[in-house]
Amino acid sequence: VVDDEVAIEAEAFARARHFLAFMPEHVGQLARRSNCTDPVHRREEALLSLVPREEKQVYSMRRCMDMVFDQGTVFEIGKMWGRAEITALARLDGWPVAVVASDPSFLGGSWDAKTSEKVDRFVKLADQFRLPIVHLVDNPGFMIGREAEMAGTIRYGVQAMNAIYKATVPLASIVLRRAYGIAGSAMSNADLYQYRFCWPSGDWGSLPIAGGLEVAYKSELEAADDPEALLDEIKQRLNKVTSPFRSAERFNVEDIIDPRDTRPLLCEFADLAWRKLKSE
């Protein structure tokens, strides 16, 4: 039940004031824009090498957030629980936004029951107070196994998906790497106003290929004269299906972008999103 912890009482009041600065004074009123001295067209070179080429290597999503959002404005909520997703408030060109971001350093970014509960709660908060949502996606799917079943992961996962699909505020999703399975489809509601971009490192599909090919093609591999060559051929064929370029050709994303363009595009989204909110 604790979303934040501090050392002294004065710091607790400062954190509370920081949180309230993102919020409107009451439901029905829009939050205020702040002065922004961070250039909208700032392009961070480090974003080019943020996602490792080795798919099993992790990286810091919080570092990405610091480079993309207005400097010094990221306010994380619930850091110590539901850790596969980062939930935070931040600003883009001074506009307040709600941020949901995968954390590949915990469970590989897979949603467990607590993570799903956290996303559900946070998205409803954003929708209630009319804050546009930015979703930074690297999600290999829902956790599976005995513990996941006992925790009711799918039940909580569906509730999180419902929150995302029922939210009426504008949403932008940036696929940094993986968007697999049902959890991957929860990145946004394609029927509503949204931005949906992908980095060249994007990788998605019904299920991750790694680890499943040997089972799915067991009989063919056992009958092959050169099982390793056949497995490599199968991987190459299926990698074309998971490619972000194929998805872009089928209009499943608006564009594949240079990672350095993430901040300018999100600032553009924030401006358009707030115009829409003001016109409601």
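The values are calculated or read from the model by the stated rules, or taken from the named source; none is laboratory data. Keep in mind the model is a prediction, meaning the values are calculated, not measured. As a convention, Cβ positions derive from the backbone with ideal geometry for all residues, glycine included, and neighbour counts pool all protein chains shown. SASA here: full protein model, heavy atoms, side chains in, ligands and nucleic acids out. Shrake-Rupley method; radii C 1.70, N 1.55, O 1.52, S 1.80 Å.
General observations
- Here each label is just a point 7 Å from Cα along the line to Cβ, and for Arg53 and Asp191 those points are 4.3 nm apart.
- Charged side chains reduced to their Cβ positions (Lys and Arg at +1, Asp and Glu at -1) give the chain a dipole of some 940 debye around its Cα centre.
- Pairs of lysine residues in the chain that meet both criteria, 8 or more places apart or on different chains and Cα atoms under 19 Å apart, total 10.
- Taking all protein chains together and rolling a 1.4 Å probe, Asp38 ends up with roughly 20 Å² accessible.
- Leu136 long-range amide H proximity, modeled H, under 5 Å: Val100, Ala101, Ser102, Ile174
- Charge dipole of the chain about the Cα centre (unit charges at C-beta), most positive-ward option of Val27, Ile8, Ala88: Val27
- When the chain is described by a simple charge dipole with +1 on each Lys and Arg Cβ and -1 on each Asp and Glu Cβ, the residue from Ala101, Val215, Ser60 located farthest towards its positive end is Ala101.
- Heavy-atom accessible area ranking, 1.4 Å probe, most first, across Cys36, Cys64: Cys36, Cys64
- Among 234-243, 150-159, sorting by the average number of other beta carbon atoms lying within 10 angstrom of each residue, highest first, gives 150-159, 234-243.
- This model, with +1 at the C-beta of Lys and Arg and -1 at the C-beta of Asp and Glu, gives the stretch 93-218 a dipole about its Cα centre of some 160 debye.
- Counting 0.36 nm for each residue step from Glu233 to Phe13 and taking away their Cα separation leaves a gain of 73.3 nm.
- Label zone at Cys36 (point 7 Å along Cα-to-Cβ), backbone N below 12 Å, the stretch 87-125: 90-97
- Loop-located chymotrypsin sites (Phe, Trp or Tyr not before Pro) across the stretch 218-271 with a Cβ neighbour count of 11 or fewer within 10 Å are Phe251, with loop assigned by DSSP.
- The percentage of C-alpha pairs in the stretch 118-174 whose separation is greater than 17 Å is 44%.
- At R0 = 25 Å, FRET efficiency that the Cβ-Cβ distance of Leu213 and Glu147 yields, to 0.05: 0.45
- The stretch 75-154: chymotrypsin sites (Phe, Trp or Tyr not before Pro) falling in loop per DSSP and having at most 13 other Cβ within 10 Å: Trp81
- Counted over the chain, the DSSP beta bridges are approximately 35% antiparallel.
- Stokes-Einstein D in µm²/s, Kirkwood radius over Cα pairs - the chain at 4 °C with 1.567 mPa s viscosity: 65
- Environment charge at Gln159 (Cβ cut-off 15 Å; Lys +1, Arg +1, Asp -1, Glu -1): +1
- Result for the chain in a Gaussian network model with C-alpha springs under 10 Å: among Val100, Val58, Val169, the largest mean-square fluctuation is at Val58.
- Equivalent ellipsoid dimensions for the stretch 45-86 as semi-axes, Å, which come from the Cα gyration tensor, largest first: 20, 17, 5
- Taking the helices alone, the chain has a mean residue ellipticity at 222 nm of -11500 deg cm²/dmol, built from -39,500 (n - 2.57) per DSSP H run of at least 4 residues and averaged over all its residues.
- The charge dipole of the stretch 57-162, taken about the Cα centre with unit charges on the Cβ atoms of Lys, Arg (+1) and Asp, Glu (-1), comes to about 180 debye, rounded to the nearest 20.
- Angle in degrees between helix 227-242 and the longest Cα principal axis of the chain, rounded to the nearest 10: 30
- Å² of accessible area per residue within the chain, as computed with a 1.4 Å probe and no ligands counted: 53
- For the chain, the relative contact order is 17 percent, taking Cα pairs closer than 8 Å that sit 6 or more residues apart in sequence and dividing their mean separation by the residue count.
- Taking the 1.4 Å solvent-accessible surface of the chain as the whole, the part contributed by carbon and sulfur is 53%.
- Using alpha-carbon coordinates, inclination of helix 262-279 to the longest axis of the chain, degrees: 50
- Estimated inter-spin distance, His26 and Val158, nm [label 7 Å along Cα→Cβ]: 3.8
- 10 Å beta-carbon shell around Ser34, net charge (K/R +1, D/E -1): +1
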